[in-house]
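To start, the structure under review is shown below, and the notes come after it.
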Amino acid sequence: GVEGDYTGANVIGEITGREKPDEVVVMGGHLDSWDLGTGAIDDGAGVAIGMAAGALIGKLPTPPKRTIRVVAFANEEAGLWGGKAYAATHKGAVAKHQLGSESDFGADKIWRLNATVKPESLPAIDSMMQVLAPLGVERGSGRGNGGPDLGPIHAEGMAALSLTNDGTRYFDYHHTANDTLDKVDPKQLAQNVAVYIAWSYMAAEADGDFGSAPGAFKQDGDDDH
């Protein structure tokens, strides 16, 4: 069983936008892992993908128009506490959160993108797909929810992507003692980083917005909290 409480923290880094620094594109992963393994695919890889994408964008001679924020979320495994705290903190600024997606399904190849954005910004998603398709990514027909830790702020109205990894091997290792670094394929990890660089940079540079606003993407049956 779980005994006692501990105060953790989200770790946040960002590249300040050159024109719209108060508008953010957000990505990341979660810091904690199940206690049996080392958490390499769940979710060390997700944190590394966000950090690598941010680091490489940060080396560009000119930063993007909007701020790109990378978040390493605390305590996802035991109840999404970091994601819920992030949503609570930024609830009043949900309209400034342009687009978000978290990596929390290993580091094998991303093969599908689903987007929940306003209809008017679908051409911007189509533009992303022109870059992502050569990397092996297909356009899905479902909704994007931003992943576990960005789900709470998506529920408040942030536009979101879901980038689906190949999960063929994932549950062989997930939450077991076998979740170790040797399970991360460097070539597939690199494809993930390239995908995260592409969508986040294009979102940060996009002319229009993606429709984030309080309550923007509620569906019938969505939780109201």
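Summary table
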read-out: Qualifying residues in the range 160-180 (those that are under 25 Å from Ile57 (Cβ atoms) and out of contact with any Asp or Glu (no Cβ under 8 Å at 6 or more places or on another chain)) - the one surrounded by the most Cβ atoms within 10 Å (Cβ to Cβ); value: Leu161
read-out: Selected residue (only one of Gly39, Gly8, Gly4 is at pLDDT below 95 and on the phi > 0 side of the Ramachandran plot); value: Gly4
read-out: Any chance Met202 is of a type in the set (A, V, I, L, M), over 18 Å from Ile57 (Cβ atoms) and open to solvent by less than 60 Å² (accessible area, probe 1.4 Å); value: no
read-out: Filtered residue count, the range 107-141, keeping only those that are assigned to a strand (DSSP E or B), surrounded by 20 or more Cβ atoms within 10 Å (Cβ to Cβ) and touching an Asp or Glu at 6+ places or on another chain (Cβ under 9 Å); value: 2
read-out: Residues being of a type outside the set (Ser, Thr, Tyr) and not in a helix (DSSP H, G or I) - total across the range 60-91; value: 19
read-out: Residue check for Gly92: under 18 Å from Pro148 (Cβ atoms), free of Cβ contacts under 8 Å to residues at least 24 places away in the same chain, surrounded by fewer than 24 Cβ atoms within 10 Å (Cβ to Cβ) and not hydroxyl-bearing (Ser, Thr, Tyr); value: no
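One line per residue, one yes/no per condition, for (1) buried (at least 22 other Cβ atoms within 10 Å of the Cβ); (2) touching a helix residue (DSSP H, G or I) at 6+ places or on another chain (Cβ under 7 Å); (3) modelled with pLDDT under 95:
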residue: Ile57; (1), (2), (3): no, yes, no
residue: Leu60; (1), (2), (3): no, no, no
residue: Pro64; (1), (2), (3): yes, yes, no
residue: Val71; (1), (2), (3): yes, yes, no
residue: Gly82; (1), (2), (3): yes, no, no
residue: Ala88; (1), (2), (3): no, no, no
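The values are calculated or read from the model by the stated rules, or taken from the named source; none is laboratory data. Note that the structure is predicted; figures quoted are calculated from it, not measured. Virtual Cβ from ideal backbone geometry, glycine too; neighbours counted across all protein chains shown. The protein model used for the area step is the full one, side chains on, heavy atoms only, and it has no ligands, DNA or RNA in it. Shrake-Rupley method; radii C 1.70, N 1.55, O 1.52, S 1.80 Å.
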